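The values are calculated or read from the model by the stated rules, or taken from the named source; none is laboratory data. These figures come from a predicted structure and were not determined experimentally. Neighbour counts are summed over all protein chains in view; Cβ atoms, including those assigned to glycine, are modelled from backbone coordinates with ideal geometry. The protein model used for the area step is the full one, side chains on, heavy atoms only, and it has no ligands, DNA or RNA in it. Shrake-Rupley method; radii C 1.70, N 1.55, O 1.52, S 1.80 Å.
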Amino acid sequence: NFTEIAKNRQSCRSYDPAREVEEEKLQAILETARISPSACNSQPYHFTVCTGETGKAVAAATKGLGMNKFAKDASALVLITHESTNITSKLGCGIKDKDFPMMDLGIASAYMTLAAEAEGIGSCILGWFDEKKIKELVGIPKGKRLMLIVTLGYAAKGKRKKVRKEWGKVVSFEKYK
């Protein structure tokens, strides 16, 4: 049930370093992100999976000011790089003054985290990291932007109570006259 998956999914900030995410689960999670919707089917992203020593080095480059200490225990870190978009999406961005590729990266990362939840895997989307250092570590070309990192692993702790704004603060229905 999708709604139950969404209700149960939360940002995991405590991973069990002794448990590796199985290859088939990792592939299922990435396949779900790969097939996520994107504006004009441009798919302006690339997923780079970092595990082992590379994963540890990438995790170290996400720390700073007390942030992301838990990343070192994640089984895998998925780097989401902004790739070029197709001409239709580019035109739409200009005409509508919207950043469709950034929306697409957000959608792909959301699909990834929900797929992880469905597989029993914890996840957290990171925006705080040393982009330059990570790009050097994994060989991402200078012209590409590393936009997001998703940590994946088995949770070391149980779920917290999920707190969200009240329905009426985020949802409204309007009738057109």
- Message: Run the simple label-point estimate for Ile35 and Ala156 please: 7 Å along Cα→C-beta, distance reported in nm.
- Response: 3.5 nm
- Query: Assigning unit charges at the beta carbon (Lys, Arg +1; Asp, Glu -1) and nothing else, what dipole magnitude in debye, to the nearest 20, does the chain show about its Cα centre?
  - Reply: 880 debye
- Take each of the peptides 136-146, 117-127, 52-62, average the number of other beta-carbon atoms within 10 Å over its residues, and list them starting from the highest. 117-127, 52-62, 136-146
- Pulled fully out, how much extra length does the chain show between Arg145 and Met102, if you take 0.36 nm times their separation in residues and subtract their Cα-Cα distance? 14.4 nm
- Item | Sparse-neighbourhood loop sites, chymotrypsin sites (Phe, Trp or Tyr not before Pro) in region 95-132 - DSSP loop, at most 10 other Cβ within 10 angstrom | none
- For region 43-53, what does the Karplus curve 6.51 cos²θ - 1.76 cosθ + 1.60, with θ = phi - 60°, yield as ³J(HN,Hα) per residue in whole Hz, taken in order and with x for Gly and Pro? 6, x, 9, 9, 9, 10, 8, 10, 10, x, 5
- Interchain or long-range residues, amide H under 5 Å from Phe129's placed H: none
- Message: Rounded, prolate or oblate for region 49-94? Axes are the square roots of the Cα gyration tensor eigenvalues, ordered a ≥ b ≥ c, and the cut-off for rounded is a/c under 1.5.
- Response: prolate
- Where Rh denotes the Kirkwood radius from the mean inverse Cα pair distance, what is Rg over Rh for the chain? 1.00
- Antiparallel bridge percentage (DSSP; both residues within the chain; nearest 5): 95 percent
- Message: Below 8 Å between Cα atoms, with a sequence gap of 6+, how large is the relative contact order for the chain in percent?
- Response: 34 percent
- Note on the structure: With the label point 7 Å along the Cα-to-beta-carbon line of Ile87 and a cut-off under 17 Å to each amide N, the hits in region 19-59 are 40-43
- Note on the structure: Taking a probe of 1.4 Å and leaving out DNA, RNA and ligands, region 55-157 shows per residue an accessible area in Å² of 48 Å²
- Item | Inter-centroid distance (Cα atoms) of region 59-86 relative to region 129-173, Å | 8 Å
- Karplus 3J(HN,Hα) series, Hz, for region 129-138 with 6.51 cos²θ - 1.76 cosθ + 1.60 (x for Gly, Pro): 6, 8, 4, 4, 5, 5, 4, 5, 4, 10
- Over 32 Å between alpha carbons, listed pairs Lys133/Lys161; Lys25/Lys90; Lys133/Lys157; Lys133/Lys169; Lys135/Lys169; Lys72/Lys169: Lys133/Lys161; Lys25/Lys90; Lys133/Lys169; Lys135/Lys169; Lys72/Lys169
- Query: Which ³J(HN,Hα) values in Hz, rounded to whole numbers, follow from the phi angles of region 155-161 under the Karplus curve 6.51 cos²θ - 1.76 cosθ + 1.60, where θ = phi - 60° and Gly and Pro get x?
  - Reply: 5, 8, 10, x, 6, 8, 5
